[in-house]
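What follows is a single structure, written as structure tokens, with notes after it.
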Amino acid sequence: MIVIRNEQVKAFKDFQRQKYINELIQLIKKHFSINKSEEIIRSLVIYGIEDAAKFNIISKRDIGKYIGLIINYGKQFYHKQDLEWTFDILNNSQSNASNSKLDIIINKISREKNKE
């Protein structure tokens, strides 16, 4: 029987987290025009992961979308006057996986932009 110590599990989780953060940094550099240092982008990604967790957003796909919203609309975008409605969606624990909270928000923002 193989025994994995808690330290080994933590090291593996830390490694996976850093790997995911690095992947997000590369995606952000590729898809967004951000003229910031990698250190600043890394801080933004870590903030985004932690802030998303407050709303039980934990899938890699949805965390990436959440960080995209932060990049486009700012930290705590859900408190901005024109986006306050997003707070209720983010807090909705009834959302199902096939229609994620982030998909609902992004689709509604897109519809609003198309109306303009």
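Summary of values
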read-out: Residues being within 17 Å of Leu24 (Cβ to Cβ) and assigned to a helix (DSSP H, G or I) - total across region 54-83; value: 13
read-out: Count - residues of region 35-68 that are under 10 Å from the mean Cα position of the chain (by Cα), buried (at least 17 other Cβ atoms within 10 Å of the Cβ) and aromatic (Phe, Trp, Tyr); value: 1
read-out: Candidates Ser93, Ser100, Ser37 - the one that is out of contact with any Phe, Trp or Tyr (no Cβ under 8 Å at 6 or more places or on another chain), among the small types (Gly, Ala, Ser) and free of Cβ contacts under 8 Å to residues at least 24 places away in the same chain; value: Ser37
read-out: Residue within region 50-61 that is acidic (Asp, Glu) and over 22 Å from Leu90 (Cβ atoms) present; value: no
read-out: Residues satisfying the stated conditions in region 69-81, i.e. surrounded by 15 or more Cβ atoms within 10 Å (Cβ to Cβ) and either in contact with a Phe, Trp or Tyr (Cβ under 9 Å, 6 or more places away or on another chain) or of a type outside the set (Phe, Trp, Tyr) (or both); value: Leu69, Ile70, Ile71, Tyr78
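Bear in mind that the values in this text are calculations on the coordinates, not laboratory data. The structure displayed is predicted, hence computed values, not measured ones. Every residue, glycine as well, gets a Cβ built from its backbone with ideal geometry; the counts of neighbours run over all protein chains shown.
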